[in-house]
Amino acid sequence: MSTTTGQRPEPSTGAASTPPPSLPEKWRALPLPARNLLGAAVALLVVTAFLAVTGDLTALRLATVGYTFLALAGLQLLVGGSGQISLGHGAFMMIGAYTMALLVLHLPMLPLATNLFIVVAVSAVAGIAVGAATARLHGPYLAGATLILAVGLPGIAHRYHDLFGGSNGLNIRTVGVPPFLDGVVTTSEWRALVVWFTVLLVLAALATISGGRLGRRMRAIRDDETAAAMSGIPVGRTKVVAFIIASAAGGLAGGLQAYALGTVTPSSFALVLSLTLIAALVLGGIGSLWGALWAAVAVVYLEVWASDLARAMDLGHNVQHNLPIVLFGVVLILVLRFWPLGLHGGLQALRNRIARR
């Protein structure tokens with residue numbers, strides 16, 4: 001058809017009618033590693049802003065949340081990703097912490113970044129040894145084998161007193177605030193920033209692994225090991241790789257703990273630590289790094305609040321020592337009673353309910 005003037009209308013081009021991509025579409029178009037690194041950068045800015053308005057005590061607690069978060073994230077990849085139950089994760093934290101302490105004491109000229117790389121390497125080697133030995137174990141047999149590691153490894157510090165310091169452990173002094181930041185941030189704030197920078201960088205790598213091909217293989221093994229093997233997935237090798245990654249993350253968390261606190265003792269890595277990490281993982285929600293974050297916050301601040309409550313009520317020393325464990329157990333029971341998928345699952349359900357309304 002022609003117009004009233006006898007001219008044909010101009011054909012419309014598709015480019016002019018296509019709306020520009022929205023911000024969420026641009027975000028999804030980015031490669032997964034780039035998205036994770038950008039998310040880590042934003043999180044570091046949030047942590048930095050929070051440290052700017054708080055004191056040294058809060059900075060120390062934030063650093064504790066950071067390395068606990070990293071240890072739980074590695075355990076999350078192992079348990080929630082590949083379905084392997086490990087009750088010896090605290091032992092790998094001990095390996096990393098003592099490696100860091102010995103490096104600082106005997107090789108003080110090495111920079112912190114080099115020490116952290118060595119800590120990761122030593123923990124990964126330990127993970128290779130344990131993962132290869134337990135690759136064919138399942139369920140309670142795997143849990144029992146890793147439990148032996150958590151029980152026996154702290155005894156080495158008592159056996160070799162001259163090297164590891166016995167029950168008193170090792171005390172170290174690390175480099176403080178750089179000269180160009182002297183007077184801007186305190187030593188505690190600087191250490192918290194270093195801890196969180198390292199943690200967020202490693203978390204970006206763990207999130208990329210979880211969302212990539214290796215992560216899909218792990219989840220296939222977790223869901224049905226026989227079906228995964230029939231589909232061509234190398235089950236044994238994938239399980240060992242998952243154990244190595246989790247061990248390296250746990251060792252790095254222990255190294256950061258030694259850096260932040262300046263002391264390493266075998267009592268800090270007793271069996272109760274490994275059991276607490278597993279219980280915290282269930283509390284936060286298995287299968288998500290967000291669950292590991294909520295679990296880390298709960299582990300650190302439930303202990304702080306319980307200790308403050310015991311001191312405020314002028315309770316005895318034994319009560320002050322055991323009240324955090326009792327409070328953590330009560331919170332765990334209540335969360336699993338009302339939110340069987342943990343804190344992260346409960347928050348997701350609450351968000352979906354609000355969205356439907």
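Round to the nearest 10 and give me the degree value, 0 to 90, for the angle of helix 317-338's Cα axis relative to the longest principal axis of the chain. Roughly 30 degrees, rounded to the nearest 10.
Leaving ligands, DNA and RNA out of it, report the carbon-plus-sulfur percent of the accessible area of the range 187-240 at a 1.4 Å probe.
Numbers: 1510 of 2610 Å².
Summing carbon and sulfur atoms, their accessible area is 58 percent of the total for the range 187-240.
The angle between the Cα long axis of helix 289-312 and the longest principal axis of the Cα atoms of the chain comes to about 40 degrees, rounded to the nearest 10.
Which sequence of PHE69, PHE117, PHE50 reflects their accessible areas, 1.4 Å probe, from the largest down?
Details: PHE69 15, PHE117 155, PHE50 100 Å².
If we order PHE69, PHE117, PHE50 from most to least accessible, we get PHE117, PHE50, PHE69.
Relative contact order, whole percent, for the range 71-184 stands at 31, derived from Cα pairs under 8 Å and 6 or more residues apart. The 1.4 Å probe gives accessible areas that order PHE328, PHE180, largest first, as PHE180, PHE328. The figure for HIS138 is an accessible area of roughly 90 square angstrom, using a 1.4 Å probe on the protein chains alone. How much of the pair distance distribution for the range 236-279 lies past 17 Å, counting alpha-carbon pairs only, in percent? Counting pairs separated by more than 17 Å, the tail of P(r) holds 45 percent.
Per residue, the chain exposes 54 Å² of accessible surface when a 1.4 Å probe is rolled over the protein heavy atoms with every protein chain present. Share of carbon and sulfur in the accessible area of the range 37-129 stands at 82%, probe radius 1.4 Å. Placing VAL199, VAL47 in order of accessible area, with the largest value first and a 1.4 Å probe, yields VAL47, VAL199. Calculated on the Cα set of the range 22-270, radius of gyration then Dmax: 19.2, 62 Å. Only protein heavy atoms count here; under a 1.4 Å probe, ARG217 has an accessible surface of about 60 Å².
Applying a 10 Å radius around every beta-carbon, put 268-278, 105-115 in order of their mean neighbour count, most first.
Result, highest mean Cβ count within 10 Å first: 268-278, 105-115.
Can you tell me the 0 to 90 degree angle between the C-alpha axis of helix 342-356 and the longest principal axis of the chain, rounded to 10? Helix 342-356 and the main axis of the chain meet at about 20 degrees.
The values are calculated or read from the model by the stated rules, or taken from the named source; none is laboratory data. Please read these numbers as outputs of a predicted model, since none were measured by experiment. So basically every Cβ, Gly included, is an ideal-geometry build from the backbone, and we count neighbours across all protein chains shown. Areas reflect the complete protein model, heavy atoms only, side chains present, ligands, DNA and RNA absent. Shrake-Rupley method; radii C 1.70, N 1.55, O 1.52, S 1.80 Å.
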